[in-house]
Amino acid sequence: MKTITLAFTGASGLPYGLRTLECLLSAGCNVRLVYTQVAQIVAKQELNLTWPSRAADLAELLRAQYGVTAEQLQVYGQQEWFAPMASGSNPGDGMVVVPCTMGALSAIANGASDNLLERAADVMIKERKTLIIVPRETPFSAIHLEHMLKLSRLGVVILPPNPGFYHHPQSIEDLVDFVVARILDQLAVPHQLMQRWGEA
């Protein structure tokens, strides 16, 4: 059973993050979720979801929604420095930042570690664990690209949410699943979100 840190920033694209959460829980993973204050605003703007500011309250809401236990889903705010993923002694198996703002990308690339999200990402890099960043911006500036290249050279997976169309998507959900499938593949988490290339 894998333990995955999942981070929601204030970038547009929260449906990718929530679908990733749903699929990780369905696959039996333990998820440590960290979210920013701006992610709460995005949840309201994009999905008409009202999320509480207290991590404990959001944890209760999401556990009820997905029918999981406190052991399987833990939720943390940005300043919870005693969260397990803040230390290299308990990093878990991987981390996904989806969606990722350019501000968070910059902070991670430069080792800022000023909050739990940035520190957890820093731990993943130093412990050589899988870190996946799903940057949600377009177009990318030279600054953005330089940060991505720096992280890629450190072994970080840069996975822009660019869905393909060869599977003939019929809905927005199909486009979201295409990206989430790529995330799960990088984490080696089994799924059946879409037919694989070359399969009948």
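Quick note: the coordinates plus some simple rules give every number you see, no bench work behind them. These numbers come from a predicted model, not from an experiment. Quick reminder, even Gly has a Cβ in these numbers, built from the backbone with ideal geometry, and neighbours come from all protein chains shown.
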Select from 99, 52, 161 the residue whose mean-square fluctuation is largest in a Gaussian network model of the chain (Cα-Cα springs shorter than 10 Å).
52
Calculated FRET value between residue 126 and residue 170, using beta carbons and R₀ = 45 Å, to 0.05:
0.60
Distance from the Cα centre of region 1-72 to that of region 140-156, in angstrom?
26
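Pick out, in residue order, every one of the trypsin sites (Lys or Arg not before Pro) in region 91-200 that is DSSP loop and has at most 13 other C-beta atoms within 10 Å; say none if there are none. Write out the running numbers ahead of the final one.
Numbers: sites: 119, 126, 128, 129, 136, 150, 153, 182, 196; in loops: 128, 129, 136, 196.
Here the trypsin sites (Lys or Arg not before Pro) that fit, given the DSSP loop and packing criteria, are 128, 196.
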With springs only between Cα atoms under 10 Å, which of 186, 40, 65 fluctuates most in a Gaussian network model of the chain?
65
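Could you tell me which GluC sites (Glu not before Pro) in region 129-200 are loop residues by DSSP with no more than 12 other beta carbons within 10 angstrom of their beta carbon? Provide the component values of the computation, followed by the final result.
On the way: sites: 137, 146, 173, 199; in loops: 137, 199.
Here the sparse-neighbourhood loop sites are 199.
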Aspartates and glutamates with Cα under 13 Å of residue 129, excluding same-chain neighbours fewer than 8 positions away
93
Rounded if a/c is under 1.5, else prolate if a/b beats b/c, else oblate: with a ≥ b ≥ c from the C-alpha gyration tensor eigenvalues square-rooted, which is region 1-132?
oblate
If you put +1 on each Lys and Arg Cβ and -1 on each Asp and Glu Cβ, how big is the dipole of the chain around its Cα centre, in Debye rounded to 20?
320
Be a star and scan region 85-122 for residues whose amide nitrogen sits under 17 Å from the point 7 Å along the Cα-to-Cβ vector of residue 162.
100
Restricting to Cα pairs below 8 Å that are 6+ residues apart, what does the relative contact order work out to for region 100-200? Please round to a whole percent.
23
Out of 24, 159, 43, whose Cα points farthest toward the positive end of the dipole of the chain (charges: +1 Lys, Arg; -1 Asp, Glu; placed on Cβ)?
159
Pick out the long, greasy-scoring helices in the chain: whole DSSP H runs spanning 20 Å or more along their own axis by Cα, mean Kyte-Doolittle at least -0.5.
172-187
Which residue, 41, 183, 133, has the most motion in a Gaussian network model of the chain that connects Cα atoms within less than 10 Å?
41
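Excluding the sites themselves, what is the longest stretch of the chain that contains no chymotrypsin sites (Phe, Trp or Tyr not before Pro) in a DSSP loop with at most 11 other C-beta atoms within 10 Å? Walk me through the numbers on the way to the answer.
Details: sites that count: 81, 82, 165, 166, 197.
With a cap of 11 other Cβ atoms within 10 Å, the longest stretch comes to 83-164.
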Please say if region 54-200 is rounded, prolate or oblate, where rounded means a/c under 1.5 for a ≥ b ≥ c the square roots of the C-alpha gyration tensor eigenvalues, and otherwise the choice is prolate for a/b larger than b/c and oblate otherwise?
oblate
